[in-house]
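Engineer: What follows is a single structure, and I will ask about it in a moment.
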Amino acid sequence: MKLLSFIADGRASFGAIKDNGIVDLATRMSGCTSLRQLLETNRVAEAAELIAANVPEHAVDKIAFAPVILDPGKIICVGLNYRDHVAETGRTVTEKPALFARFACSQVGHMQPIVRPKVSDNFDYEGELALVIGKEGRHIPADRALDHVAGYACYNEGSIRDWQRHTSQFLSGKTFANSGSFGPWLVTADEIPDPSKLTLQTRLNGTVVQNATTDLLITAIPELIAYISAICPLVPGDVIVTGTPGGVGLKRTPPLWMKPGDTVEVEISGIGVLQNSVIAE
């Protein structure tokens, strides 16, 4: 299934892609008004039955896409998780994954503009694979970690590079308002049994700027889940953004920054294309 959060007729809702339209699940599932609640209440099977039994009532081009999970309890990002990106930054591979947080206000949905802040023009793209937790767990063994994944989506972690370098901590450059995007939808884990078999490509104004396969992750998804769940419980709706490959704008000569008027796309095989325009604050 392809599950999504969206706004239609001024109302926030969630649903599923079917026959090039959207089946609205919020109007059909009592007590469930968001995709996060669907996961929390473990009603995905019920949703699948409703999707099969109903025809779409919204055209895709008549809704506004929202971030896949509107209100995640946690957005945990992984830095320096592809060797070519580690190499281009001049850093060394660390024994354990480098983690930092984003906030929900820092992300928008598919086809919504991402915002270059007025305090900087060092606005960089970072195409990444994101996963959403569907089953709560703590100290999750790596060999059972994928059982806790609800599904996968594309992520563009827009980074404000000069602010990122203000200190040794990444957060200040990683969570500017509306600087990143998350979408276009969640492809449920049953359709992606092995997330290490995906191809990720980022395009800026149609030109390929990043191209990698997810088997190149330094810390693979099961080990990421195991490591993070040792720190804190993972609960339905939590998001893990798994890292970006080499080719970022910061390390090009001259640097290649996103600017107002640009279009950026992150495409992941088996998921789809996350597309956003760039505007100035």
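Engineer: Can you tell me which residue within segment 239-276, out of those that are of a type in the set (S, T, N, Q) and within 29 Å of I17 (Cα to Cα), is nearest to the chain's Cα centre (by Cα)?
Structural biologist: So the residue we want is T242.
Engineer: Scan segment 224-239 and report the pairs whose first residue is modelled with pLDDT of 95 or more and whose second residue is in a helix (DSSP H, G or I) and among the charged types (D, E, K, R), with Cβ atoms within less than 6 Å and a gap of 6+ or a chain change.
Structural biologist: Going by the 6 Å Cβ cut-off, the qualifying pairs are P236/E40; G237/R36.
Engineer: Next question, about the same structure. Is it fair to say L224 is hydrophobic (A, V, I, L, M, F, W, C), farther than 19 Å from I76 by Cα and surrounded by 22 or more Cβ atoms within 10 Å (Cβ to Cβ)?
Structural biologist: In short, no.
Residue-by-condition table, conditions (1) more than 20 Å from P195 (Cβ to Cβ); (2) free of Cβ contacts under 8 Å to residues at least 12 places away in the same chain; (3) of a type in the set (A, V, I, L, M):
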| position | (1), (2), (3) |
| --- | --- |
| C77 | no, no, no |
| N81 | no, no, no |
| T94 | yes, no, no |
| P97 | no, no, no |
| F100 | yes, no, no |
| P113 | yes, no, no |
| P117 | yes, no, no |
| E126 | no, no, no |
| V132 | no, no, yes |
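Engineer: Is it true that some residue in segment 186-197 is closer than 16 Å to L131 by Cβ, in contact (Cβ under 8 Å) with a residue 12 or more places away in the chain and touching a Pro at 6+ places or on another chain (Cβ under 6 Å)?
Structural biologist: So far as segment 186-197 goes, no, none of its residues is closer than 16 Å to L131 by Cβ, in contact (Cβ under 8 Å) with a residue 12 or more places away in the chain and touching a Pro at 6+ places or on another chain (Cβ under 6 Å).
Engineer: Restricting attention to segment 160-195, which residues are small (G, A, S) and within 21 Å of V68 (Cβ to Cβ)?
Structural biologist: Within segment 160-195, A177, S179, G180, S181, G183, A189 qualify.
Engineer: I would also like to ask the following. Within segment 66-103, take every residue that is within 30 Å of K18 (Cβ to Cβ) and touching a Leu at 6+ places or on another chain (Cβ under 7 Å) and give me the one that is surrounded by the most Cβ atoms within 10 Å (Cβ to Cβ).
Structural biologist: Checking each candidate, the answer is V68.
Engineer: While we're on this one: Scan segment 93-108 and tell me whether some residue there is acidic (D, E) and closer than 27 Å to K259 by Cα.
Structural biologist: no
Engineer: For the structure I just gave you, tell me whether R28 is over 23 Å from P72 (Cβ atoms) and of a type in the set (K, R).
Structural biologist: It is true that R28 is over 23 Å from P72 (Cβ atoms) and of a type in the set (K, R).
The values are calculated or read from the model by the stated rules, or taken from the named source; none is laboratory data. Worth saying up front: this structure is predicted, and the values here are computed from it rather than measured. Glycine also receives a Cβ, built like all others from the backbone with ideal geometry; neighbour counts cover every protein chain displayed.
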